[in-house]
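Asks: The following block contains the structure, expressed as structure tokens.
Where a number appears in this text, it was derived from the coordinates with a stated rule and is not lab data. The structure displayed is predicted, hence computed values, not measured ones. All Cβ positions, glycine included, derive from the backbone under ideal geometry; neighbour counts span all protein chains shown.
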Amino acid sequence: MISFIDFCDYTGTFAFAISGIRLASAKQFDWFGAYVVGIVTAVGGGTVRDILLNSTPFWTEQPSYLIISGLALLFVIAFRKYLVTLDNTFFIFDAIGLGLFVVVGVEKTLSFGHPMWVAIVMGTITGSFGGLIRDILINEVPLIFRKDIYALACLGGGLVYCGCMMLSFPPTPTQFVSALSIFLIRVVAVKYHISVPVLKGEE
């Protein structure tokens, strides 16, 4: 039986791959180029995390992540007319992937015996760095560097994870609440136009 953390991992991979492929389609990439962007979005953050943890990058140990990214490409191709016409398609899948991947990153870091503060940082890297690499590949200013509440949502979810652990919540509810909190922070921030102040240079 698949664990909840594995569910988060695979579902997050699918969601993030869709977000990357969706943006690649807006840039008129071909199918292979879109697939590459989808893979990078899905595994980029986790790869950086594993390198920092001195661990073998997770996707090199099983082909499921490449397969899931391929399924995401087929999903976008099959429903492209519907997905392209919805302006919030990218945001929805990106927010879902963000929340799930932060939880995966926090859980894996804790399993390596690192303290909670390291786990929060690694969770943030897991959630946001795939999108960072994606945006660079498609020649966009990375979302993490804009005024959007993005990396801060990851940090907030990590703190929620920490709080649930301090309250002795079971692992699955802790992971669920943490992922949901990140998704809700993103939704609320976008809906009500909450953003980080821009650092302005000399005028």
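Asks: How would you rank VAL198, VAL118, going from fewest to most other Cβ atoms within 10 Å of each one's own Cβ?
Replies: VAL198, VAL118
Asks: Is the shape of segment 46-105 best called rounded, prolate or oblate, per the rule: a/c under 1.5 gives rounded, else a/b larger than b/c gives prolate, else oblate, with a ≥ b ≥ c the square roots of the Cα gyration tensor eigenvalues?
Replies: Here segment 46-105 falls in the oblate category.
Asks: Same structure again: Which shape class applies to segment 4-191: rounded if a/c is under 1.5, otherwise prolate when a/b exceeds b/c and oblate if not, where a ≥ b ≥ c are the square roots of the Cα gyration tensor eigenvalues?
Replies: Cα axes put segment 4-191 in the prolate bin.
Asks: Count neighbours as other Cβ atoms within 10 Å of each site's Cβ, and list the trypsin sites (Lys or Arg not before Pro) in segment 141-197 that are DSSP loop with at most 16 such neighbours.
Replies: The qualifying sites are ARG146, LYS147.
Asks: Please order GLU140, GLU61 by the number of other Cβ within 10 Å, starting at the fewest.
Replies: In order of increasing Cβ crowding within 10 Å: GLU61, GLU140.
Asks: Evaluate the relative contact order of segment 4-191 (contact order divided by residue number), counting alpha-carbon pairs under 8 angstrom at least 6 apart; express in whole percent.
Replies: Numbers: 289 pairs, mean separation 48.2, N = 188.
With pairs under 8 Å counted, the relative contact order is 26 percent.
Asks: Over the chain, how many pairs of lysines fall under 23 Å by alpha carbon, counting only those 8 or more apart in sequence or from different chains?
Replies: Working: LYS27/LYS81; LYS27/LYS147; LYS147/LYS191; LYS147/LYS200.
Total qualifying Lys-Lys pairs in the chain comes to 4.
Asks: Please name which of LEU71, ALA119, VAL187 has its Cα lying farthest along the dipole of segment 70-203 towards the positive end, using unit charges on Cβ (Lys, Arg +1; Asp, Glu -1) and the Cα centre as origin.
Replies: The listed residue farthest towards the positive side: LEU71.
Asks: Cβ under 15 Å from MET122's Cβ, MET122 left aside: what net charge do those residues give with Lys, Arg +1 and Asp, Glu -1? Could the numbers behind the result be given before it?
Replies: Numbers: positive: ARG49, LYS108; negative: ASP9, ASP50, GLU107.
Around MET122, the charge tally is -1.
Asks: Next question. Select from LEU74, LEU180, LEU52 the residue whose mean-square fluctuation is largest in a Gaussian network model of the chain (Cα-Cα springs shorter than 10 Å).
Replies: LEU52
Asks: How would TYR65, TYR82, TYR150, TYR10 line up from fewest to most surrounding beta-carbon atoms within 10 angstrom?
Replies: If I rank by nearby Cβ atoms, fewest first, I get TYR82, TYR10, TYR65, TYR150.
Asks: Sticking with this structure for a sec: Loop-only check: which trypsin sites (Lys or Arg not before Pro) in segment 23-106 are DSSP coil with at most 13 other Cβ within 10 angstrom?
Replies: On the way: sites: LYS27, ARG49, ARG80, LYS81; in loops: LYS27.
Answer by residue number: LYS27.
Asks: Another one. Quick one: Karplus J couplings for segment 63-73, per residue in order, coefficients 6.51, -1.76, 1.60, θ = phi - 60°, nearest Hz, x for Gly and Pro?
Replies: Working through the residues one at a time gives x, 4, 5, 5, 5, 4, 5, x, 5, 5, 4 Hz.
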